[in-house]
Structure formats: C-alpha cells, structure tokens
Amino acid sequence: MSLRFLPLLLCALSASVWGADAPAQPLPFSHKVHAGTMKLACKMCHPNPDPGETMTFVAPAKCMDCHSSIKTESPAIQRLAAAAKSGTPLPWVRVYAIPTFVDFSHRSHLEKGNTCQECHGPVAERDQLAKEVDLNMAGCMNCHRTKKASLECSYCHEQPK
Ligand code: HEC
Ligand code: HEC
Ligand code: HEC
Ligand code: HEC
Ligand code: HEC
C-alpha cells in the first residue's frame with residue numbers, strides 16, 4: 001500500500017474507535033444540553049422506583065413541561081409533542097443493557113456510593129451517548145476487585161434451582 005493512503009486509513013480507524021458506537025436515537029436528545037448546560041438532575045428524567053433495580057426513562061409528557069413552549073418550531077419537538085399527546089413512549093435505543101440472567105440493582109450500587117460517572121462516563125458532557133464504560137462480566141469484576149466486593153458466581157448469577 002502506498003503511503004498516500006495512510007491518512008485515510010488512520011481516519012477510518014479513529015472513526016471506528018471514537019464515536020462510531022453511539023446508536024441513532026429517535027430524537028436528537030443531548031445530555032450535554034440538558035444535564036450539562038442546564039444542570040437538570042439525572043433523577044428528574046431517570047427516577048428509580050421500587051424495588052430500585054432500574055433507573056427508567058421519563059415519559060414524553062414530562063419533557064413537555066418545557067417543550068410546550070421551548071423550540072416548538074423544531075420538527076423533533078413536534079414529534080415529541082405528538083408522542084406526549086398520544087401517550088406513546090419514545091423508542092429510545094438502549095446503550096447499556098445486560099442479560100436478564102444477571103442480577104443488578106442500581107439502588108444497591110448507589111447506596112454503596114458508586115456514581116453514575118463510574119459506570120456510564122461523563123454523561124453530562126456528551127451530545128450522544130455511546131457505551132464508553134465496559135459493563136460486561138469483566139467490567140463488573142474489575143470494579144468488584146478494586147472495591148473489595150464479592151466475585152462469587154452466585155453474587156451476580158442466581159444459582160440453578
Ligand atoms: C427544563 C426544561 C427542559 C426539559 C424538562 C426538557 N428540555 Fe429539551 N431542551 C430544553 C432547552 C432549553 C433546549 C435547547 C433549546 C435551544 O437549542 O435553543 C432543549 C433542546 C431539546 C432538543 C433539541 C431540539 C432541536 O431541534 O434543536 C430535543 C430533541 C429535546 N430538547 C428533547 C427533550 C426530551 C426528549 C426531553 C424529555 C426527556 C426534554 N427535552 C426535556 C429544555 C428542556
Ligand atoms: C431531561 C431529561 C434527562 C436528564 C436530565 C438526564 N437524562 Fe439520561 N437519558 C435521557 C433520555 C431521553 C435518554 C435516551 C436517549 C439517549 O440515550 O441519549 C437517556 C439515556 C441515558 C442513559 C443510557 C441508558 C441506556 O442503557 O440506554 C444513561 C446511562 C443516562 N441517560 C444517564 C444519565 C445521567 C448520569 C444523567 C445526569 C448526569 C442523566 N442521564 C440526565 C434523558 C435525560
Ligand atoms: C455500578 C454501575 C452503575 C451505576 C453506579 C449506575 N449505573 Fe446505570 N446502568 C448500569 C447497568 C449495568 C445498566 C444496564 C442494566 C440492565 O440492563 O438491566 C444501567 C442502565 C441504566 C439506564 C437504562 C435503564 C435501566 O435501568 O436499565 C439508565 C437510564 C441509567 N443506567 C442511568 C443511571 C444513572 C442516572 C445513574 C446515577 C444516578 C446510574 N445509572 C448509575 C450500571 C450502573
Ligand atoms: C463502579 C464499581 C462497580 C461496578 C462497575 C459494578 N459493581 Fe457491583 N458492587 C459494587 C460495590 C462497591 C458493591 C457493594 C459491596 C458491599 O459493600 O457489599 C457492589 C455490590 C453488588 C451486588 C450485591 C448487592 C446487590 O445488588 O444485591 C451485586 C449483585 C452486584 N454488585 C452486581 C454487579 C454487576 C452484575 C455489575 C456489572 C453489570 C456490577 N455489579 C458492577 C461496585 C461495582
Ligand atoms: C460482578 C458480577 C458477576 C460475577 C461475580 C460473575 N458474573 Fe458472570 N456475568 C456477569 C455479567 C454482567 C454477564 C453478562 C455480560 C457478559 O456476557 O459479559 C455475565 C455472563 C456470564 C456468562 C454468559 C457468558 C456469555 O458469553 O454469554 C456465564 C456462563 C457466566 N457469566 C458465568 C459466571 C461464573 C462461572 C462466575 C463465577 C466464576 C461468574 N459468572 C461471576 C456478571 C458476573
């Protein structure tokens with residue numbers, strides 16, 4: 001390969017390492033705008049209802065507290081308004097998701113002082129979210145090792161009955 005293709009190759013490589021993993025979302029929602037610039041609390045849009053496993057996503061109607069008057073001329077906000085009116089949840093594409101055979105609870109991790117950033121990166125600085133922290137089995141294990149939490153198989157996987 002001649003050297004003149006090198007810059008092109010490097011570009012392609014860096015694109016696949018940085019930024020390529022953010023899934024396309026149904027609306028151009030930005031955490032940098034909402035959680036960064038506006039400093040809205042994470043829990044405003046991600047409440048953690050009992051029993052506390054999941055963080056959940058707010059319904060479009062809650063977004064309309066602001067968007068019934070902000071950016072109403074935007075086609076994206078008009079789609080948001082239509083979803084709110086019909087009571088349809090938006091089909092957000094999941095970024096972090098683990099298989100159901102793994103036991104995981106947000107609440108018990110937050111109660112032990114683990115932070116959103118440790119597991120999800122600097123969300124409030126991102127326009128689009130990509131999976132930037134490894135939360136597969138090795139990722140869970142690394143933090144458990146560092147923080148002296150259990151590494152027993154049955155801690156994260158229910159024993160077969
Ligand atoms: C506290 C007020 C507030 C809430 C709540 C809020 N937003 Fe926003 N949103 C804003 C502001 C302010 C902007 C930036 C407007 C601008 O660029 O001038 C914005 C921008 C946006 C944009 C970009 C629109 C465009 O075309 O530029 C989208 C999409 C959006 N918000 C979606 C949402 C969704 C979805 C929710 C609920 C999960 C939500 N917003 C909740 C205030 C809010
Ligand atoms: C105004 C509402 C709003 C606020 C405030 C907000 N989020 Fe979100 N969040 C969303 C929406 C909408 C999505 C789905 C679209 C996306 O992934 O960007 C989302 C997605 C996520 C996801 C991806 C979850 C998955 O597995 O798909 C994480 C992680 C997350 N938010 C963390 C945070 C953290 C941490 C904060 C506070 C620093 C925060 N969010 C503040 C609305 C919000
Ligand atoms: C110890 C690691 C860890 C911490 C701390 C953590 N998360 Fe998560 N988060 C995860 C994992 C793992 C998933 C995927 C869970 C699943 O698929 O069942 C997830 C999923 C999510 C989702 C998608 C909905 C759900 O619950 O599956 C949102 C939204 C989210 N996290 C927001 C937050 C916010 C906001 C904080 C801080 C208040 C936070 N997370 C703290 C690991 C963490
Ligand atoms: C940022 C560090 C961190 C990460 C990442 C992390 N954990 Fe933990 N986890 C902890 C700590 C700390 C505890 C509390 C240990 C104690 O003091 O009891 C804990 C406790 C637990 C518990 C016992 C409490 C409960 O909920 O029943 C389970 C199960 C668990 N983690 C599963 C997971 C799984 C599955 C993942 C990956 C998807 C994961 N953890 C990722 C730090 C982490
Ligand atoms: C701290 C939490 C945690 C502990 C401890 C843990 N696992 Fe896992 N395990 C996970 C998570 C998260 C996944 C799903 C993500 C993945 O496949 O990496 C998983 C996936 C698996 C899978 C499926 C792999 C696949 O490719 O689908 C097997 C099998 C497994 N674990 C066995 C074990 C055994 C055996 C132990 C004990 C040596 C163990 N796990 C301990 C969190 C844990």
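Readers should treat all values here as calculations from the given coordinates under stated rules, not as data from a laboratory. All values reported here derive from a predicted model rather than from experimental measurement. For neighbour counting, all protein chains shown are included, and Cβ atoms are generated from backbone atoms with ideal geometry for every residue, glycine included.
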How many nm separate the modelled label positions at residue 142 and residue 62, each set 7 Å beyond the Cα in the direction of the Cβ? 3.1 nm
Percent of C-alpha pairs per 5 Å bin, segment 27-72, short to long: 6, 18, 24, 30, 13, 7, 3, 0
Convex hull over the alpha-carbon atoms of the chain: what's its volume per residue in Å³? 197 Å³
Descending principal axes extents, segment 112-161, alpha-carbon based, whole Å: 44, 22, 16
Let me spell out the model: positive unit charges on the Cβ of Lys and Arg, negative unit charges on the Cβ of Asp and Glu, origin at the Cα centre of segment 43-139. What dipole size does that give, in debye rounded to 20? 340 debye
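Given 37 °C and 0.692 mPa s, how large is the Stokes-Einstein diffusion coefficient of segment 22-113 in µm²/s, with Rh as the Kirkwood radius over Cα pairs?
Numbers: Rh = 15.0 Å.
This corresponds to a translational diffusion coefficient of 219 µm²/s.
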Mind checking which aspartates and glutamates have their C-alpha under 18 Å from residue 85, skipping anything on the same chain fewer than 8 residues away? 65, 73
The summed charge of the residue 131 Cβ neighbourhood (under 13 Å; Lys/Arg +1, Asp/Glu -1) stands at -1
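Sequence gap at least 6, Cα distance under 8 Å: using those rules, report the relative contact order of the chain to the nearest whole percent.
Working: 139 pairs, mean separation 46.0, N = 161.
Contact order relative to length: 29 percent.
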Translational diffusion coefficient, Stokes-Einstein: compute it for segment 76-161 using the Kirkwood radius over C-alpha pairs as Rh, at 25 °C and 0.890 mPa s, and state it as an integer in µm² s⁻¹. 156 µm²/s
